[in-house]
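Remarks on the structure that follows.
The values are calculated or read from the model by the stated rules, or taken from the named source; none is laboratory data. These figures come from a predicted structure and were not determined experimentally. As a convention, Cβ positions derive from the backbone with ideal geometry for all residues, glycine included, and neighbour counts pool all protein chains shown. We work out accessible area using only protein heavy atoms, side chains counted, and drop any ligands, DNA or RNA first. Shrake-Rupley method; radii C 1.70, N 1.55, O 1.52, S 1.80 Å.
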Amino acid sequence: MPAYSGSTGDPKVVALFPEKRESVTQPLDRQAECRSARLLVVGDDELNVEIVKSCLEDLGYKDVIAGARSSSAMVQLAEMDPSLVVFDDSGDGSNALEMLSALSARPHSRSVALIILASRTDLDSRLKALDLGATDFLAKPVDSTELDLRLRRALLAKADTDRLAFSDRITGLSNRDRYFEQLDWALKHAKRVGGSGAVLHIGLDRFGRINDALGSTAGDRVLREVGRRLADCIRETDFVLLPSEPGPTHLVSRLSGDEFSVLLIGLSRPDSAELVAKRVQAAIAEPIRIAERDLAMTCSVGMSVFPNDGSTRDLIFKAAGAALRDAKRNGKGTRRFYSSELNGRALHRLSLEAELRRGLENDELRLFFQPKVDLASGRVCGAEALVRWVHPTRGMVSPAEFIPIAEDSGLIMPLGDWVIGAACEQIRTWQEAGIPVPRIAVNVSIHQFRSQCVNQSVRKALQRSGIDASLLGLEFTESALMENAADNLQLLVELKEIGTQLALDDFGTGYSSLSYLKRFPLDELKIDRSFLSEVETDPNSASIVAAIIALAQRLGLKVVAEGVETEQQLEFLRQHRCDEYQGFLFSQPVPAHELPRLLIG
Ligand code: C2E
Ligand code: MG
Ligand code: MG
C-alpha cells in the first residue's frame, strides 16, 4: 500500500466518519459497519483532501466526503453528522488543535472521533491534542495500512461507546436519549417536507405480575421478545413511507420498565397510526413461551400524531403518554389517540368494521352498474360493477367509505370474492333472460392483488357461472400495479390468459412507469375523473387529458374517460378522439334491473 504524505509540504486534511445506524436487533457485521461509516475529509488544501478521499475509498470505505476548507469544517460537521474526523495538518498540528478546541465546545460533537495527520509532531502537541479529545495522532508520511488500522480501531471504539450510551441494555433497542434525538429529527423532517408522523407509546398490561411470578430473568426475556416483535412489526408495515434522505432507522425504543415507544415517520394519513397500533397489539398477543409455559400478554397503546397534536418534542411525547394513560384507564388491550377527533373516527371505523363483517354474512351488499358509452356510436359498450352496502339503519353506504375499512381489516378478500362472483352470476342471469350483455368490469383492490389470489377467485367465478371470460373485465389502480411491478406482470399475464380484459383505473393519480405500462398486457386506460372535472377550467388538466389519450393510442390501449358530467367535457373528448366515456351525463350507477333499459336506449 502506498504511503500518504500530502501533495505539498503544507497539506491540511481532515476526515470525518459518521456512524451508519444499524438495526440493533440484527447481528452486526462490525467490519462492514466500519466500511460504511461516513468519513468527511476536510483541509485547507483541496488537492490533499481529494488525495485522502481517494486513498480511503481505495481502502474500501464507502461513504467518504471531501470537505471544504477547515474554516467551514464546523458547519459541515453539524450538517453531515460524521463518525470520525481526520485532520491533515501541514505543520505542527496547531490548526488541528484549533479545530479540536472548537469541537470540544460543541456538545453535539462529543461523540465524533478525530484523527490528526501532521507533518511535524512533537510530544507537547500530541499530548495537547489527546487532552482535547483527539482519538489518534499520526505523523506523515502515513502508511495506508496503518491508517486503515487506526481508523477501524477508532470507529469500533466509537460504535461501542455509542451503543452503550444510546441503547437499552435488555432489549438492544434505542434508549430514551437516542429516542429523543430521533423524535427531534422526525419533527424537523415533517416540518420541512410537510409530512405527518406519530408516536405510539406501548405499555405492557400487568407486566409486574410476570416479574413477580417468574422472576426478573424471565421478565427480561419477555421484554426482549416484545422488543423483537415490535421491530418486526414496524419493518413490515406498509403504512409508513420512509423518507429517502438519511434519518433514524431505530424506530422502536424502550423508554422505561414495561414501556416502549414506536416512532412512525411519513404516515400516509394520520389515522394509519391506528392500523400500526393494531398490528402491534396482535403481535404482542401471540403467546410468548417462557420457562416451559405460554404467556399471554396484552398491551395498551397511546398515540399522538404530529403536527396535529403539537410541533415540539415535549408536546408530542407528553400527548402520547397522556393517551396511553387514557388507554390503560379503559382496560387492557385498548388503543387511544390523544386527539378526540381521531378517537371518534377510530371508534366509527371500528363499529363500521364489525357491521360490515355482519353485512357480508347477511347479504347486505349489492352491485350497481354504470354504463360505459362508445363515443363514436353513442351506444353502451360495457358497464362497471360498483359495490353498494345497503345498511339496515344507515341506508346506502358508499364504497368510498367502506372499501378502505374492508382493506384495512382484511375483509376485502371475502368482499372482493363476492363482487367477482356476483358480477359473473348477474351476467349469467341477464344472458338467460336473453339480454345482450356487454362486458362488465369489476374493481380489484390492491390488497386482493397483493395476496395473489385474484386469479383463483376469477377462475372459480367463471367456472361456477359458466360465462365466457371475455365478458368479464378487471380494473386495477396504478398503485396496485406499480407496487412490485415485476411480480404483477406475471399475475396480469395469467389473468390475460384466462381471457379477462384488463383496465388501468384512475390513471394519472399514481405513478406509472411508462416502461411497465408498455409491458403490462392491458387493454384499457381509464382517465381519472379529477382531470375531467377541470378540463373546461384548467388548461393543465386539458393538456393532461389530451396527452393521456394520445399516449394510450400510441400504446394500442383503449381509452375511457371517467366522470363525464357535461356536454362540453364530452365535446372535448370527441375532439381528442377518446374511445369511451362513463359518467353522470349518460347515467349514474344503476341497480341490475335498470341496466337492460339503458342498453337498448
Ligand atoms: P372507481 O372505480 O373509479 O369508480 C368510479 C366512481 O366514480 C364511482 O363511485 C362512480 O359512481 C363515480 N362516478 C361515475 N361517474 C361520475 C360522475 O360523472 N361524476 C362523479 N362525481 N362521480 C362519478 P363509487 O361507486 O362511489 O365508487 C368509488 C370507488 O370505490 C371506485 O372508484 C372504486 O375505487 C371503489 N369501488 C367501488 N366498487 C368496488 C368494488 O367492488 N371493489 C373494490 N375493490 N373497489 C370498489
Ligand atoms: Mg373503477
Ligand atoms: Mg376510476
**Fill in**
Residue hits (the stretch 383-412; surrounded by 13 or more Cβ atoms within 10 Å (Cβ to Cβ), in a helix (DSSP H, G or I) and not β-branched (Val, Ile, Thr)) are Pro399, Glu401, Phe402, Pro404, Ala406, Glu407, Asp408, Ser409
**Asked** Out of all the residues in the stretch 528-544, which are among the hydrophobic types (A, V, I, L, M, F, W, C) and away from ligand 2 (no atom under 16 Å from the Cβ)?
**Response** Val535, Ala542, Ile544
**Among (1) out of contact with any strand residue (DSSP E or B) (no Cβ under 8 Å at 6 or more places or on another chain); (2) under 22 Å from Ser272 (Cβ atoms); (3) within 11 Å of ligand 1 (Cβ to nearest atom), the one test that Gly410 misses** = (3)
**Fill in**
Picking from Leu525, Leu514, Leu492, Leu504, the residue that is among the aliphatic types (A, V, I, L, M), buried (at least 16 other Cβ atoms within 10 Å of the Cβ) and away from ligand 2 (no atom under 14 Å from the Cβ) would be Leu492
**Prompt:** Quick one: Ile544 ticks every box in (1) open to solvent by 60 Å² or more (accessible area, probe 1.4 Å); (2) assigned to a loop (DSSP other than H, G, I, E, B); (3) of a type in the set (A, V, I, L, M, F, W, C) bar one, so which box is it?
**Reply:** (2)
**Request:** Go through (1) in contact with a Leu (Cβ under 8 Å, 6 or more places away or on another chain); (2) closer than 22 Å to Ala503 by Cα one by one and return the number of the condition Leu360 breaks.
**Result:** (2)
**Request:** Mind counting the residues in the stretch 551-567 that are exposed (fewer than 14 other Cβ atoms within 10 Å of the Cβ) and modelled with pLDDT of 95 or more?
**Result:** 1
**Item:** Residue check for Glu565: touching a helix residue (DSSP H, G or I) at 6+ places or on another chain (Cβ under 6 Å), over 15 Å from Leu375 (Cβ atoms) and either not assigned by TED's automatic domain parsing to the domain that holds Leu504 or not in a helix (DSSP H, G or I) (or both)
**Value:** no
**Message:** For the list (1) within 12 Å of ligand 1 (Cβ to nearest atom); (2) open to solvent by less than 40 Å² (accessible area, probe 1.4 Å); (3) at pLDDT 90 or above, I need the number of the one condition that Phe520 fails.
**Reply:** (1)
**Message:** Regarding the stretch 489-505, can at least one residue be identified that is among the polar types (S, T, N, Q), farther than 23 Å from Phe369 by Cα, at pLDDT below 90 and within 16 Å of ligand 1 (Cβ to nearest atom)?
**Reply:** no
**Request:** Given the conditions (1) under 21 Å from Leu77 (Cβ atoms); (2) open to solvent by 10 Å² or more (accessible area, probe 1.4 Å); (3) modelled with pLDDT of 80 or more, report the number of the one that Leu132 does not fulfil.
**Result:** (3)
**Request:** Considering every residue within the stretch 468-487, establish whether at least one is over 21 Å from the mean Cα position of the chain (by Cα), modelled with pLDDT under 95 and more than 16 Å from ligand 2 (Cβ to nearest atom).
**Result:** no
**Request:** Could you tell me whether any residue of the stretch 1-20 is at pLDDT 75 or above and either assigned by TED's automatic domain parsing to the domain that holds Leu156 or out of contact with any Cys (no Cβ under 9 Å at 6 or more places or on another chain) (or both)?
**Result:** no
**Request:** Find the residue count for the stretch 486-541, including only residues that are in a helix (DSSP H, G or I), within 14 Å of ligand 3 (Cβ to nearest atom) and either of a type in the set (A, V, I, L, M, F, W, C) or in contact (Cβ under 8 Å) with a residue 60 or more places away in the chain (or both).
**Result:** 2
**Request:** Would you confirm whether any residue within the stretch 211-219 is small (Gly, Ala, Ser) and on the phi > 0 side of the Ramachandran plot?
**Result:** yes
**Prompt:** Name the residues in the stretch 335-361 that are in contact (Cβ under 8 Å) with a residue 12 or more places away in the chain and over 25 Å from the mean Cα position of the chain (by Cα), would you?
**Reply:** Leu352, Glu355, Leu356, Arg357, Gly359, Leu360
**Request:** Identify the single condition in (1) assigned to a strand (DSSP E or B); (2) free of Cβ contacts under 8 Å to residues at least 24 places away in the same chain that Ile440 does not satisfy, given that it satisfies every other one.
**Result:** (2)
**Message:** Just to verify a result, which residue in the stretch 450-482, among those that are in a loop (DSSP other than H, G, I, E, B) and within 15 Å of ligand 1 (Cβ to nearest atom), is surrounded by the most Cβ atoms within 10 Å (Cβ to Cβ)?
**Reply:** Ser451
**Prompt:** Among Ile440, Ile467, which is within 24 Å of Leu599 (Cα to Cα), within 16 Å of ligand 3 (Cβ to nearest atom) and among the β-branched types (Val, Ile, Thr)?
**Reply:** Ile440
